[in-house]
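In what follows, a structure is listed as structure tokens, so that the remarks can point back to it.
Bear in mind that the values in this text are calculations on the coordinates, not laboratory data. Computed from a predicted model, the values in this text were never measured in an experiment. A quick note on method: Cβ atoms are made from the backbone with ideal geometry, for glycine too, and the neighbour counts reach across all protein chains shown.
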Amino acid sequence: MNRLTHAALLALALLNGACAAKKDLFERDLPDAPKANGKTIGLWPSTLLFEQAGAVPDGMDSFTAGLFIGNVVHSGGYVYAGVDGAEGEADEAGLPVRSKEFTLNAEAEFEPIARAWLDTTLFSVLSEVATPQRLPAPSVPIPAPVRRVRRGTDPADGTDNINLPRFDLEPAPITDLSLLPAGVDWVVAPTVVLYYSHNGGWFIGQRMGTGSGARIRVFWTIYDTKTGGVVSYGDLEARSLSPYVLTPNKGQLEDLLIQSEEKILKMMRGAVVR
């Protein structure tokens with residue numbers, strides 16, 4: 001297929017995506033937020049999930065595993081089903097299945113921004129219902145949440161700005177009680193799962209392209225400091241898209257990240273502690 005055909009395919013995909021359901025918030029079926037009821041609450045500094053032992057499955061990297069923090073640049077055209085071993089069914093031969101090249105950059109820039117944003121946001125949300133205390137990080141990493149591939153499909157599949165398959169996260173208890181802080185009843189452990197922006201292109205496993213956008217996913221666990229057991233946990237994800245902007249500048253990408261941050265903040269209120 002020539003360049004004109006490539007452009008037409010992407011334009012058609014973007015049009016279909018724009019007509020699809022506007023699902024920009026991704027909430028899981030999770031436990032209700034616990035009531036503070038006078039509990040003292042500590043907040044550990046945010047961690048990045050891809051850095052935690054065992055978080056990235058064997059044979060994958062942070063991007064293919066859906067744990068990337070940074071900026072994604074799609075380029076080089078598309079990989080087609082049935083060509084050079086690309087994924088896809090026989091009756092899909094010749095259809096695009098993903099961008100040919102993914103350039104990953106801005107990790108060093110985005111990682112401290114993502115940490116600081118989640119720390120500030122969670123502290124602000126907790127402050128609405130309690131008097132949280134900022135605490136130093138535990139002396140050694142706590143157990144990473146357990147990753148489970150989600151079965152079935154999602155209404156956003158096909159035109160979404162994330163690699164498939166989707167996955168759920170479940171918290172793990174802390175068995176080494178020496179890691180738990182003294183002086184508080186509960187401690188909140190926040191984690192940045194993903195935080196990225198991107199230009200227009202095809203994500204892995206999707207069947208249509210997407211315009212430029214941004215996506216953020218955060219996970220937190222509330223632990224009982226006396227037992228190390230899980231009091232509650234949360235998992236929120238939001239995206240922002242510009243369906244007709246394929247080559248955004250830095251300011252436009254920042255705008256999309258800010259929009260996603262604001263969506264997470266709105267969902268987080270009432271979802272952590274009541």
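Defining a contact as two alpha carbons under 8 Å apart and six or more residues distant in sequence, what relative contact order in percent does the range 137-197 show?
On the way: 38 pairs, mean separation 24.6, N = 61.
After rounding, I find 40 percent.
Starting at 0 and stepping by 10 Å, how many percent of the alpha carbon pairs of the range 164-253 end up in each bin?
Computed distribution, short to long bins: 15, 33, 22, 17, 13, 1.
Using the charge dipole of the range 3-268 (Lys, Arg: +1 at Cβ; Asp, Glu: -1 at Cβ; taken about the Cα centre), state which of Thr120, Val140, Met60 has its Cα farthest towards the positive end.
Thr120
For the chain, take the longest principal axis of its alpha carbons; what is the angle in degrees between that and the long axis of helix 250-268, to the nearest 10 within 0 to 90?
For 250-268 against the chain, the angle is about 50 degrees.
Could you compute the net charge surrounding Gln133? Neighbours are other residues with a C-beta less than 14 Å from the C-beta of Gln133; K and R count +1, D and E count -1.
Working: positive: Lys39, Arg134; negative: Asp119, Asp185.
Taking every other residue near Gln133 into account, the sum is 0.
Sort Ser99, Ser240 so that the residue with the fewest other Cβ atoms within 10 Å of its own Cβ comes first and the one with the most comes last.
On the way: Ser99 24, Ser240 21.
Lowest to highest Cβ neighbour count: Ser240, Ser99.
Using packing as a proxy for protection, rank 222-231, 170-179 so that the peptide with the highest average count of other Cβ atoms within 10 Å comes first. Display every interim value, and only then the final one.
Values: 222-231: 17.7, 170-179: 14.6.
In decreasing order of mean packing, 222-231, 170-179 become 222-231, 170-179.
Pairs Lys100/Lys263; Lys23/Lys266; Lys226/Lys266; Lys23/Lys263: which are spaced more than 23 Å apart, C-alpha to C-alpha? Write down the numbers at each step before the final one.
Values: Lys100/Lys263 31 Å; Lys23/Lys266 15 Å; Lys226/Lys266 31 Å; Lys23/Lys263 12 Å.
From the list (Lys100/Lys263; Lys23/Lys266; Lys226/Lys266; Lys23/Lys263), the Cα-Cα distance tops 23 Å for Lys100/Lys263; Lys226/Lys266.
What residues qualify as long-range amide H neighbours of Ala172, i.e. H under 5 Å apart, gap of 5 or more or another chain, H built at 1.01 Å from N?
HN-HN under 5 Å from Ala172: Val146.
Any number yet on Rg/Rh for the range 79-199, C-alpha, Kirkwood?
Details: Rg = 20.4 Å, Rh = 18.7 Å.
Ratio of gyration radius to Kirkwood radius: 1.09.
Compute the angle between helix 3-19 and the longest alpha-carbon principal axis of the chain, please, reported from 0 to 90 degrees and rounded to the nearest 10.
50 degrees
Under a point-charge model restricted to the Cβ atoms of Lys and Arg (+1) and Asp and Glu (-1), what is the dipole moment magnitude of the range 184-239 relative to its Cα centre, in debye to the nearest 20? Before the final figure, lay out the partial values.
Working: 5 positive and 4 negative charges, 63 e Å.
Roughly 300 debye, rounded to the nearest 20.
Could you size up the charge dipole of the chain around its Cα centre, putting +1 on the beta carbon of Lys and Arg and -1 on that of Asp and Glu, and report it in debye to the nearest 20? Before the final figure, lay out the partial values.
Numbers: 25 positive and 32 negative charges, 111 e Å.
That gives the chain a dipole magnitude of about 540 debye.
Give me, ordered by chain and number, the residues 5 or more places off Lys100 or on other chains with an amide H under 5 Å from its own placed amide H.
Result for Lys100 returns Ser75, Gly77, Tyr78, Val79.
Dividing the alpha-carbon radius of gyration of the range 3-268 by 2.2 N^0.38 Å (N being the number of residues), what value is obtained? Before the final figure, lay out the partial values.
Details: Rg = 19.8 Å, N = 266, 2.2 N^0.38 = 18.4 Å.
The value comes to 1.08.
Spelling out what I want: for every residue of the range 118-134, take phi, set θ = phi - 60°, compute 6.51 cos²θ - 1.76 cosθ + 1.60 (Karplus), and round to whole Hz; glycine and proline get x.
5, 4, 5, 5, 5, 4, 5, 5, 4, 5, 6, 10, 8, 10, x, 10, 6
Would you please give the residues with an amide H less than 5 Å from that of Arg274, counting only those at least 5 places away or on a separate chain, with H modeled from the backbone geometry?
Amide H neighbours of Arg274, under 5 Å, 5+ apart: Lys35, Ala36.
Using the Karplus curve 6.51 cos²θ - 1.76 cosθ + 1.60 with θ = phi - 60°, work out ³J(HN,Hα) for each residue of the range 135-145 in order, rounded to whole Hz, and write x for Gly and Pro.
Here the 3J(HN,Hα) series is 10, x, 5, x, 5, 9, x, 7, x, 6, x Hz.
Tell me, what HN-Hα J-couplings in whole Hz come from the Karplus equation 6.51 cos²θ - 1.76 cosθ + 1.60 at θ = phi - 60° for each residue of the range 48-62, using x for Gly and Pro?
Along the range 48-62, the couplings run 9, 4, 5, 7, 7, 4, x, 6, 9, x, 4, x, 10, 10, 4 Hz.
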